[in-house]
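Please treat every number below as a calculation from the coordinates, not as lab data. From a predicted model like this one, the values you see are computed outputs, not experimental measurements. Note that each Cβ is placed from the backbone with ideal geometry, even for glycine, and that neighbours are counted across all protein chains shown.
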């Protein structure tokens, strides 16, 4: 294996929308506001007939609403946008992003390609790029239908790296004045503001990421465990879909072409876990269609760790002894068991206010609020104990999630 093949992070020929109204083009990650179709309807009204990433994605709020037709429309719009000049191709390189949200003054990221051959989302993975949370493989097929025969990918994946010395993205940010500014605008639907700078292809940026994988460095930080260099913070199922797609098609690609095939490399935004704009929020469980009193009694029987629940009138704190991972696993096991026996549904909600509003509007609902994970503990936990239960944490509030903007051809 060559030194280049050992690298995890690569520059890419990034596509950027060449449109009059970038605020109408950009839209938030498809896995947000899954129980709030009103958000997506308001966004649709705002976009109107303008070119928009909204036409290129399948919001999960609509997974059960004629998804097949929506997928056909997505493919049609992709073809039209690529052939119709909606995108312009940048020279090979990276995009430095600077995001301001209603909650943080600045979050720095780097849009780059990662090698899917070095990523494994499955349980027990020891690959250098890993999921931070459990992956539900049943959630991959709908996304795979979108990706199959698609011309391009638009990432909402955010991948974390552990750079306590702040020598990569922070240094690029300090020197941003010498780079070409690509965009600077306000995001729709309260998402804040975003700037982008073109970082030309060079060996230094990739080499710094390569240096994060130094075995001695990782041994000192996490112990004598398989090296973990990059951890998927947001968009794990989307990245897992990219991996599944690559595994599906690569056997039909000549070996000489696999090393550079565009589907082998997935576009994402790399963010330092020590970035001041990164903070973790719990993901709440919205359980509806249940007998409230009966469900509460069952919940209070288990060890859910340090969590709370809201029944529409009051908040109750449960002080269990389970650690973070075990507390969530126990809670989710109860929810699954209860729904299997007595019926009901569960959804995963970002934001305490959103959860409270939903519970108050539904007399059959309970909101469960796990404790918050400390971000500095994430890499060590994943390196030593494996992925956390799915939906264990969220990086910020819903409106702070990555907006679709940059794209990359995958054919």
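Could you give the angle, 0 to 90 degrees to the nearest 10, between helix 236-249's Cα long axis and the longest principal axis of the Cα atoms of the chain? Approximately 50 degrees, to the nearest 10. The antiparallel fraction among DSSP beta bridges confined to the chain stands at about 85%. Taking Cα atoms only, the orientation of helix 67-83 departs from the longest principal axis of the chain by about 20 degrees. With neighbour counts taken as other beta-carbon atoms within 10 Å, the residues 139, 166 rank, fewest first, as 166, 139.
Using a Gaussian network model of the chain in which every pair of alpha carbons under 10 angstrom is joined by a spring, one finds that among 155, 282, 254 the greatest mean-square fluctuation is at 254.
Which shape class applies to the stretch 283-371: rounded if a/c is under 1.5, otherwise prolate when a/b exceeds b/c and oblate if not, where a ≥ b ≥ c are the square roots of the Cα gyration tensor eigenvalues? It comes out oblate by the Cα gyration axes.
Distance from the alpha carbon centroid of the stretch 207-232 to that of the stretch 270-300 works out to 30 angstrom. The long axis of helix 324-342 is offset from the longest Cα principal axis of the chain by roughly 60 degrees.
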